[in-house]
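**Student:** Below: one structure in structure tokens.
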């Protein structure tokens, strides 16, 4: 097998031509405090977790919703904590403040800020994927572009602006939310492998050539 080729900036148009990837494991929706306790007990026995959040979109200027969903995935199971129903329970805080488990996410600063608006806590050990991919020369910040760059597959974004506070989350919403959290683990593991095995080549996007009159 030849060297893996990655781009510093992935062409957004190219993403549309790629095959879709979906999380294929178990998805468990949590909307009681008791179930949250049991889910956290399970998650605290893992060594690595992928984390993401979803917030109901707002289409009115100045109106902001609180974070509605916290997704926490292992390699084969994803728990969807319905924060709009249960808030940040003591057990969820315990998970977020944990310092032993590697918890991987993207734009974690934004997620933590949104979560803290529900209830203050001190974030434990987290790995920021944007920083990790920057270390190997990838300049993109979006999960979709990073995943496409590393794996040649598309994470569909059709559910992103759906109502995350709906009484029942549709199967499509659940699959979308779980895929985002699970993809964080896949990216983290692949970047670690690439660095370890040094089997990748970074292609840089050529700078646009300026016309003569633009140079002046």
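Since every read-out is calculated from the coordinates, none of them should be taken as a lab result. In this text, all values refer to a predicted model and were calculated from it rather than measured experimentally. With ideal geometry, Cβ positions are generated from the backbone for all residues, glycine too; neighbour counts draw on all protein chains shown.
**Student:** For the ranges 176-186, 124-134, what's the packing order if you count other beta-carbon atoms within 10 Å of each residue, average per peptide, and put the highest first?
**Tutor:** Descending mean neighbour count gives 176-186, 124-134.
**Student:** Could you line up 142, 170, 91 from fewest to most neighbouring Cβ atoms inside 10 Å? Walk me through the intermediate numbers first.
**Tutor:** Values: 142 16, 170 12, 91 21.
Placing the least packed residue first, the sequence is 170, 142, 91.
**Student:** Ok, one more. Based on C-alpha coordinates, I'd like the Rg and Dmax of the chain, in Å.
**Tutor:** 18.8, 68
**Student:** Quick check on the exposure proxy: order 5, 67, 104 from fewest to most C-beta atoms within 10 angstrom.
**Tutor:** Details: 5 10, 67 21, 104 25.
Ordered by Cβ neighbours within 10 Å, fewest first: 5, 67, 104.
**Student:** Okay, next question. Neighbouring Cβ atoms within 10 Å as the yardstick, rank 18, 143 fewest first.
**Tutor:** Working: 18 15, 143 22.
Sorted ascending by nearby Cβ count, the order is 18, 143.
**Student:** Compactness ratio of segment 150-207: Cα Rg over 2.2 N^0.38 Å, N = residue count? Walk me through the numbers before you get to the answer.
**Tutor:** Details: Rg = 16.2 Å, N = 58, 2.2 N^0.38 = 10.3 Å.
For segment 150-207, the normalised Cα radius of gyration comes out at 1.57.
**Student:** Let me check against my output: what whole-number percent is the relative contact order of segment 4-205, with C-alpha pairs under 8 Å and at least 6 apart? The partial results should precede the final answer.
**Tutor:** Values: 350 pairs, mean separation 68.8, N = 202.
Relative CO of segment 4-205 lands at 34 percent.
**Student:** A further question on this structure: If a/c stays under 1.5 just call it rounded; otherwise compare a/b with b/c (prolate if a/b is bigger, oblate if not). Do that for segment 7-91, with a ≥ b ≥ c from the square roots of the Cα gyration tensor eigenvalues. Can you show the working numbers first?
**Tutor:** Working: a/c = 2.55, a/b = 1.27, b/c = 2.00.
It is oblate, given that a/c is not under 1.5 and a/b is not larger than b/c.
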